[in-house]
1. Output the 0 to 90 degree angle, nearest 10, between the alpha-carbon long axis of helix 237-255 and the longest principal axis computed from the alpha carbons of the chain.
2. What whole number of Å gives the distance from the Cα centroid of segment 365-439 to the Cα centroid of segment 133-189?
3. Hand me the chymotrypsin sites (Phe, Trp or Tyr not before Pro) from segment 45-121 located in a DSSP loop with no more than 11 other Cβ atoms within 10 Å, in residue order please.
4. Take the cross-link list Lys84/Lys244; Lys139/Lys215; Lys323/Lys351; Lys12/Lys81; Lys327/Lys350 and give me the ones stretching past 22 Å between alpha-carbons.
5. With axes computed from alpha carbons, what is the tilt in degrees of helix 299-308 against the longest principal axis of the chain, rounded to the nearest 10 within 0 to 90?
6. Indicate, rounded to the nearest 5 percent, the antiparallel portion of the DSSP beta bridges found entirely in the chain.
7. Once you sort the root eigenvalues of the Cα gyration tensor of the chain as a ≥ b ≥ c, which label holds: rounded (a/c under 1.5), prolate (a/b larger than b/c) or oblate (the other case)?
8. Could you put Ser242, Ser284, Ser291 in order, starting from the residue whose Cβ has the fewest other Cβ atoms within 10 Å?
Amino acid sequence: MKKVMLVGIDIKTKEELVALLKHVEIFSLKTYTEKLDPPVSYLVDLIICGPPQDSTPLQMGQFLRMKNASTPMLYIYRDRKTLKCDRSELIQNGFTGAFLLPLERGTLESKILELLSSPDLPIKQYHPVKLIDLEVGTKYNFDIFLYLPLNNKYVLLCRAETPLDSDRIDQLKSKDVSSIYLRTQELQKFYDYIGEKLRSLGQTRSEFYTETRDKIRNAVRILLNDLFEVSLAPGNRSAQESLKHLQEIIKSYAMSTASGHMYERFLVFTSDKTDSYSHSANVSTFAALFSLGLGIGMPEELAAAGLLHDIGLIDIPEEIITKSEEKMTTAELRIMASHPELTLDILKKKKLQVSDMISKMILQHHERHSGKGYPKQLKGEQITAEATVLALADRLDDLTCIGPWKKVHSLKEAVWALEQSGEFSTEFLNKVLELFNCEGRRN
Ligand SMILES: [Fe+2]
Ligand SMILES: [Fe+2]
């Protein structure tokens, strides 16, 4: 059984960690200098530390690192002010990673599961991916493999730059598109290929409009297909992997557009801001994919708005962010409602220029069809279609990710939950369900 040591973790955080760390033996220390009896308890698989009472996080990191040369150590904190140093200094002083709660809970959970997963798993050489256009004559710039489960072997189906012929396509279709494999080192080529393919489809002009729209919808459907009905929680590795592929495809897509250099700046800006950006990365990916699939707005703008939309939360006090909106007082709700505006202030201060549409999406991402959103209680048509797509992506990530005291939905259940809540119009949600070839719960 794996062993985890918690050092200086408050009760609330401990409860959350215990719920996550099932089938793991847990030791708790109040302070890192506490004498261990027997000292052998230091031989654990992971150490998770909270802010020390009587010294600095750096002293704590150095001390524990001296005792444990190779055990991964994570530092978690709820109040930015207690950090008293840069996160890079924490890493230099022995920690493996640092996470601000609750903002980075999702990434922390993935990291813990990754660190506790068996170290002797073989390094994966082949990755399953989904190809979006199986047409005679298509040339891919990577080798395509099939996996034969009976022999536990990967066989080359189509060499790079060789056109797919109809026999091979039939073979692929009979195996189901999701079971195509690529070499790990060729994954970037795959992301770039799909990103570019989606972009070129999006640029096809009017006379082929209907046909192209069908192709794009189909492509998005294929890409999202195996994620629709499963849990996206960190424990579901294949879903996490598919999500990661989608993020890379959207990154590649957005970077290849005219505003690609801006997008790259946003990526750098958001990643070094929090060290991890799982919520914004997921929202960015979902928003761009739904923009493509529903034919609303420019996917690269949705991707950018997704990355940036919640930066303003940094200026909202911890105790407000950790509450659910139903439990907030009117004053707290007012403060929370200012975060879209605060996001724009931060972008302005950092001289990160965004288009009018991106600003509008950020400002309206908590407005709701029913008029019960914030900050302006806009209703129905008053909300820009693009902002509705961003809001959908934001809600879907929220409903599908792990959190204390909440049910984790699959994407399909999440759309059904939104049907009940009245946050989005029935017409809009029907289009989303149509994209997945799925019926609503009301039907
Ligand atoms: Fe938000
Ligand atoms: Fe958000």
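Just so you know, all these numbers are worked out from the coordinates, no wet-lab data involved. In this text the structure is predicted, and so the values were computed from the model without any measurement. Don't worry about glycine lacking a Cβ; one is built from the backbone with ideal geometry, like all the others, and counts go over all protein chains shown.
1. 70
2. 36
3. Details: sites: Phe63, Tyr75, Tyr77, Phe95, Phe99; in loops: Phe95.
Nothing satisfies the criteria.
4. On the way: Lys84/Lys244 33 Å; Lys139/Lys215 18 Å; Lys323/Lys351 31 Å; Lys12/Lys81 19 Å; Lys327/Lys350 33 Å.
As for pairs spanning more than 22 Å Cα to Cα, those are Lys84/Lys244; Lys323/Lys351; Lys327/Lys350.
5. In the chain, helix 299-308 runs at an angle near 10 degrees to the longest axis.
6. Given both bridge residues lie in the chain, the antiparallel proportion sits at roughly 40 percent.
7. Cα axes put the chain in the oblate bin.
8. Ascending Cβ contact count within 10 Å gives the list Ser242, Ser291, Ser284.
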